[in-house]
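The values are calculated or read from the model by the stated rules, or taken from the named source; none is laboratory data. In this text, all values refer to a predicted model and were calculated from it rather than measured experimentally. So basically every Cβ, Gly included, is an ideal-geometry build from the backbone, and we count neighbours across all protein chains shown.
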Amino acid sequence: MSRIAKKPIEIPENVSVTVTESMVTIKGPKGELRFNSPVVVQVDGKLVKVGGGDQMAGMARTMIANSVRGVAEEWTKTLELSGTGFRAATTGKQLNLALGYSHPVVVEAGEGVVFEVKENKITVRGADKTRVGEMAAKIRSLRPADVYKHKGFKYEGEKLIKKAGKAAKAGGTASK
């Protein structure tokens, strides 16, 4: 069994974890998450222990730990939008984007995902880490940051190295 799987998960006061057969249910103030565990999971007071020498034990422990943190605090990913005329706004569960195309781009928030927009910074929030990451990646794929002009979406804190454009031909003769 992996060393990660041996470490028990502490459950915060406002979170409850229940296990029925192989279904793990985690409830907290930010939502409820369920997943089917491939290994034995035991709840002992305010600790969750993952058992079994299975290869999936480390993955199952990580999924439970991420779910516990998600229902307690929420996961967030922030995208920065830069470029002349590029705009973002929210209406209900939709994200409306002007990305320089001939038409506006509308992105629907998935189940358990919420968008917030402030000064061309889009924050994707939710209890499920996987859904938040997938939605942020989907938005970024609409207009990835350009390494020449630095226009488009980039994750907050992501470093882009600006590439030089075509260099002007320095004093050579024109070819025929």
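Of SER22, SER37, SER16, all but one fail to be out of contact with any Ser or Thr (no Cβ under 7 Å at 6 or more places or on another chain) and on the phi < 0 side of the Ramachandran plot; the exception is SER16. Residues in segment 32-45 that are closer than 18 Å to GLU13 by Cα and buried (at least 17 other Cβ atoms within 10 Å of the Cβ): LEU33 only.
Residues in segment 56-68 that are in contact (Cβ under 8 Å) with a residue 40 or more places away in the chain and not small (Gly, Ala, Ser) were compared, and the one that is surrounded by the fewest Cβ atoms within 10 Å (Cβ to Cβ) is THR62.
Note on segment 8-31: among residues that are out of contact with any strand residue (DSSP E or B) (no Cβ under 7 Å at 6 or more places or on another chain) and surrounded by fewer than 12 Cβ atoms within 10 Å (Cβ to Cβ), the one that is farthest from ALA57 (Cα to Cα) is GLU13.
Filtered by the rule that a residue be under 28 Å from GLY92 (Cβ atoms) and of a type in the set (D, E, K, R), segment 143-169 gives ARG143, LYS151, LYS154, GLU156.
Residue-by-condition table, conditions (1) within 25 Å of HIS150 (Cβ to Cβ); (2) out of contact with any His (no Cβ under 9 Å at 6 or more places or on another chain); (3) among the small types (Gly, Ala, Ser):
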{"site": "LYS46", "(1), (2), (3)": "no, yes, no"}
{"site": "SER67", "(1), (2), (3)": "no, yes, yes"}
{"site": "VAL71", "(1), (2), (3)": "no, yes, no"}
{"site": "THR91", "(1), (2), (3)": "no, yes, no"}
{"site": "LEU95", "(1), (2), (3)": "yes, yes, no"}
{"site": "ALA98", "(1), (2), (3)": "yes, yes, yes"}
{"site": "GLU116", "(1), (2), (3)": "yes, yes, no"}
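Restricting VAL15, VAL68, VAL24, VAL40 to residues that are more than 24 Å from the chain's Cα centre (by Cα) and not assigned by TED's automatic domain parsing to the domain that holds ALA145 narrows the list to VAL40. Scanning segment 77-134 for residues that are in contact with an Asp or Glu (Cβ under 7 Å, 6 or more places away or on another chain), outside any strand (DSSP E or B) and buried (at least 16 other Cβ atoms within 10 Å of the Cβ) turns up GLY112, ALA127.
From the list GLY112, GLY85, the lone residue that is touching a strand residue (DSSP E or B) at 6+ places or on another chain (Cβ under 9 Å) and more than 28 Å from GLY31 (Cα to Cα) is GLY85. Scanning segment 46-73 for residues that are of a type in the set (A, V, I, L, M) and over 21 Å from GLU13 (Cβ atoms) gives VAL50, MET56, ALA57, MET59, ALA60, MET63. Evaluated against (1) touching a residue at least 60 places away in the same chain (Cβ under 8 Å); (2) within 16 Å of THR91 (Cβ to Cβ), ARG140 falls short on exactly one condition, (2). Check segment 138-155 and report whether any residue there is surrounded by 15 or more Cβ atoms within 10 Å (Cβ to Cβ), in contact with a helix residue (DSSP H, G or I) (Cβ under 7 Å, 6 or more places away or on another chain) and assigned to a strand (DSSP E or B). Yes, segment 138-155 has at least one match.
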